[in-house]
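Only the coordinates and a few stated rules stand behind these numbers; no lab work does. Since this is a predicted model, take the numbers as computed values, not measurements. When we count neighbours, we look across all protein chains shown, and the Cβ atoms used for this are built from the backbone with ideal geometry, even at glycine.
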Amino acid sequence: MTETVLSIDNLQTHFFTRGGVVKAVNGVSLSVNRGEILGLVGESGSGKSITGFSILGLVDEPGRIVGGSIRLLDRELVGLPDPELRRLRGGRMAMIFQDPMMTLNPVLRIETQMIEAIQAHEKVSRKEAWTRARDGLAQVGIPSPEERLKCYPHELSGGMRQRVAIAIAFLNRPDFIVADEPTTALDVTIQSQILAEAQKLCRDSGTAMIWITHDLSVVAGLADTIAVMYAGRVVETGAAAEVVAAPRHPYTSGLIRSVPGEHMTGKRLFQIPGMTPSLLRLGAECPFSERCFARTPVCAQVPDLVPDLVPGHGATEEAAIGDNRHPRAVRCHHPLSAAEPLPTGPLSAELPS
Ligand SMILES: Nc1ncnc2c1ncn2[C@@H]1O[C@H](COP(=O)(O)OP(=O)(O)OP(=O)(O)O)[C@@H](O)[C@H]1O
């Protein structure tokens, strides 16, 4: 049976700056099931990292969670005192950063760091912790793990360091992990290998994970679900295969068409026209409307994120009407239908006047 591990409802995290209130997370709702990966996708500045930081209680001044709920199993995290959040971090939940050196201590051997990470949350012997550390490295594809345990971080390549950081995140079999663009600095083949390893670890340990990326192609094949963020909100969510095969939001469609791939052979890569809006000056209108080929006067009001219940609009009818595990939802007054040919090529950059 599917168990929801993380459930976020109408989360709002704002930054109170001299220039005004930056609504970095502006009503995000999403959920992740046990053993599954949700790919959180969107352009730079859409609020992906701040959503991740909010879950782990890592938002610093001048930022603050001002509304909404974050539930980890039966526990409400919003409003939890710092010592409790600290206890949960590294135990029941963990974060993998883009830079593995945010996790690793440069002056300690990998062995020491991994053993300490286990013993901080569990009473186990050093020998048992060492064995778990070694097995953890092997599970993320590190060859000769006994040897690597003796290394200092600087003795490892960038890819190896990130694998170690991932192994550390999984050490205490957490319920939930946020991975914030952990493979962006690595080459594409290694990115997919690492994501595949993370997916296996999630399946085996029952961990639910949010994998943050600006590159939809990274998560398209491996995540179970995708949530697309734009200007601090989720604009589309659903089973990954469904979202990629039949995007409903014009922004998702633009993201997909801007990824190089076989479908683009001989064609010019699509570029979403315009710029992301300032989160300081969000008005009442749909924040994507300025860039959207489908906009009409009704887009002067932000649409709600509503369940996508129209049969026949997805790649398969069953998935289009949403299944219980991965319900499909879209925040758009004019959701695309699979039957509707998408505008292609440079012409689509021409907006309606
Ligand atoms: N300390 C801060 N003070 C003011 N605004 C902030 C602060 N930290 C983040 N923001 C704003 O919050 C918004 C969302 O940032 P966030 O890092 O979540 O974006 P992102 O989608 O993860 O993009 P990126 O991939 O570039 O990190 C941005 O517009 C950013 O300017």
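Remarks
- For the stretch 47-129, the list of trypsin sites (Lys or Arg not before Pro) that fall in a loop by DSSP and count at most 10 other C-beta atoms within 10 angstrom reads Lys123.
- Value at 222 nm in deg cm²/dmol, rounded to 500, when DSSP H runs of n ≥ 4 in the chain each add -39,500 (n - 2.57): -8000 deg cm²/dmol
- For Val66, the residues whose amide H sits under 5 Å from its own are Gln12, Thr13, His14, ignoring neighbours fewer than 5 places away on the same chain, with H placed 1.01 Å from N.
- Summary value for the chain: 19 percent relative contact order, contacts being C-alpha pairs under 8 angstrom separated by 6+ residues.
- Approximate spin-label separation Phe16-Val107, in nm, with each point projected 7 Å along Cα-to-Cβ: 3.7
- Annotation: Cα Rg of the stretch 169-289 relative to the compact-globule expectation 2.2 N^0.38 Å equals 1.18.
- Backbone phi angles across the stretch 204-212, fed through the Karplus curve with coefficients 6.51, -1.76 and 1.60 (θ = phi - 60°), yield HN-Hα couplings of 5, 9, x, 6, 9, 9, 10, 10, 8 Hz in residue order; Gly and Pro are listed as x.
- Here the stretch 107-167 is assigned +1 on the Cβ of each Lys and Arg and -1 on the Cβ of each Asp and Glu. Its dipole about the Cα centre then comes out at about 20 debye.
- Translational D in µm²/s for the stretch 50-173 (Stokes-Einstein at 37 °C, 0.692 mPa s, Kirkwood Rh from C-alpha pairs): 211
- Debye-sum result for the stretch 193-250 in log10 I(q)/I(0), which assumes one identical scatterer on each alpha carbon, at q = 0.26 Å⁻¹: -1.15
- Translational D in µm²/s for the chain (Stokes-Einstein at 37 °C, 0.692 mPa s, Kirkwood Rh from C-alpha pairs): 155
- For the stretch 107-167, alpha-carbon Rg and Dmax in angstrom: 10.7, 32
- Projecting the Cα atoms of Ala185, Gly238, Pro153 onto the charge dipole of the chain, computed from C-beta unit charges around the Cα centre, puts Pro153 farthest toward the positive end.
- Entry note, the stretch 98-165: relative contact order of 45 percent, from Cα contacts under 8 Å with a spacing of 6+ residues.
- Listed residues Trp130, Thr112, Ser7: farthest to the positive end of the dipole of the chain (Cβ charges): Thr112
- Rounded to the nearest whole Hz, the Karplus-based 3J(HN,Hα) values (6.51 cos²θ - 1.76 cosθ + 1.60, θ = phi - 60°) of the stretch 23-33 follow the sequence 8, 5, 10, 10, x, 8, 10, 6, 8, 10, 8, with x at glycine and proline.
- Using θ = phi - 60° in the Karplus curve 6.51 cos²θ - 1.76 cosθ + 1.60, the 3J(HN,Hα) couplings for the stretch 133-138 round to 5, 4, 5, x, 5, 4 Hz; x is entered for Gly and Pro.
- Choice from Pro277, Pro62, Pro153 with maximal GNM fluctuation in the chain (Cα, 10 Å cutoff): Pro62
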